[in-house]
Amino acid sequence: MNILITGADQPLGRLLSEALGKKYNVHAVGRDDCDHRDIEAIGARCQGMDVLLHCDIFDAPFESDVSCLDWASRGTYVMMQAALLAGVARVIVASKLSLFDAYPDRFVIDETWQPQPDTHADSLAPYLAELTCREFARQGGLNALALRLGPLGHETGTKAEDVILAFEGALHLEMESHGYRWQVFHISSLPRFATGLAERVLLHPKEGH
């Protein structure tokens with residue numbers, strides 16, 4: 001399996017590049033290597049890839065709010081176009097559980113809840129990337145998934161080993177070959193988030209059957 005990972009110059013991208021590179025043919029790119037808003041540049045990277053892991057929006061710093069929103073929206077749109085044209089079968093986008101910070105702590109939140117990003121660019125960016133991937137999945141041609149994570153490796157976020165298991169599980173998750181090909185999963189160490197769906201189908205699929 002040929003896998004392209006964006007955000008390879010950031011913690012999440014580095015973690016996945018190292019872990020998945022032991023089993024798969026991984027091609028990792030950082031922001032300085034490839035501008036996702038350039039259809040030719042990202043298109044060349046997508047050639048021959050089976051799966052694209054879009055990790056750049058998760059923890060990459062931006063020089064301005066405008067740059068952040070442009071990279072998340074236009075950059076993800078162009079990247080999805082390139083993936084579709086290159087015949088990439090699946091895109092997995094890394095998003096954030098902080099999309100639900102506006103809800104009271106007493107609520108237990110699962111994937112059916114509506115995200116409530118605030119007006120700051122770093123809050124809006126992961127949701128914009130999600131929505132862009134979702135619309136491409138609706139149009140057909142590829143499958144798309146969003147894995148919403150807490151702070152990487154933090155005891156109140158998402159453990160690194162769970163991140164690796166979740167992304168590898170998402171590589172092999174069986175999805176419909178037609179119709180609505182979009183799925184969201186919450187990957188968290190906090191009881192605030194219901195992670196039963198991810199536990200069953202991504203983290204421990206054999207145990208769930």
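The values are calculated or read from the model by the stated rules, or taken from the named source; none is laboratory data. In this text, all values refer to a predicted model and were calculated from it rather than measured experimentally. For neighbour counting, all protein chains shown are included, and Cβ atoms are generated from backbone atoms with ideal geometry for every residue, glycine included. Please note that ligands, DNA and RNA were not included when accessible areas were found on the heavy atoms of the full protein model with its side chains. Shrake-Rupley method; radii C 1.70, N 1.55, O 1.52, S 1.80 Å.
Using a 1.4 angstrom probe on the protein heavy atoms only, line up T195, T119, T76 by accessible area, largest first.
From most exposed to least exposed: T119, T195, T76.
Under a point spin-label approximation (7 Å from Cα along Cα-to-Cβ), what is the K23-K159 distance to one decimal in nm?
Each label point lies 7 Å from its Cα, and together they span 1.7 nm.
Can you tell me what the convex hull of the Cα atoms of the range 37-103 projects to on average, as an area in nm²?
Approximately 5.1 nm², given one-decimal rounding.
Computed FRET efficiency, Cβ-Cβ of D70 and D50, R0 22 Å: what is it to the nearest 0.05?
Details: r = 28 Å, r/R0 = 1.27.
Once the sixth-power term is evaluated, E becomes 0.20.
Would you list W71, W182 from the most to the least accessible area, probe 1.4 Å?
Sorted descending by solvent-accessible area, the residues read W182, W71.
In whole angstrom, and with the biggest value first, how far do the Cα coordinates of the range 1-87 range along each principal axis?
For the range 1-87, the Cα extents along the three principal axes come out at 37, 29, 16 Å.
Rounded to the nearest percent, how much of the accessible area of the chain (1.4 Å probe, protein heavy atoms only) is carbon and sulfur?
50 percent
As an exercise, find the ratio Rg/Rh for the range 92-209 from alpha-carbon atoms, using the Kirkwood inverse-distance average for Rh.
So for the range 92-209, dividing Rg by the Kirkwood Rh gives 0.95.
Over what distance in Å are the Cα centres of the range 1-72 and the range 129-156 separated?
The range 1-72 and the range 129-156 have Cα centres separated by 14 Å.
When only the heavy atoms of the protein chains count and the probe is 1.4 Å, how do F62, F185 rank by accessible area, highest first? Please report the intermediate quantities before stating the final value.
Working: F62 55, F185 5 Å².
Largest to smallest exposure gives the sequence F62, F185.
Among the helices of the chain (complete DSSP H runs), which have Cα atoms covering no less than 18 Å along the helix axis and a Kyte-Doolittle mean of at least -0.5?
121-139, 160-172
May I ask you to derive the FRET efficiency for D118 and D32 from their Cβ-Cβ distance with R0 = 41 Å, giving the value to the nearest 0.05?
On the way: r = 29 Å, r/R0 = 0.71.
Rounded to the nearest 0.05, the efficiency is 0.90.
Exactly which GluC sites (Glu not before Pro) in the range 115-209 are in a DSSP loop and have at most 16 other Cβ atoms within 10 Å?
In loop regions of the range 115-209 (DSSP not H, G, I, E or B), the sparsely surrounded GluC sites (Glu not before Pro) are E155, E174, E176, E207.
Rounded to a whole number, what is D in µm²/s for the chain from Stokes-Einstein with the Kirkwood radius over alpha-carbon pairs (20 °C, 1.002 mPa s)?
Reported coefficient: 126 µm²/s.
For the range 108-148, taking Cα atoms only, what is the radius of gyration to one decimal and the Dmax to the nearest whole Å?
Every Cα atom of the range 108-148 included, Rg and Dmax give 11.6, 34 Å.
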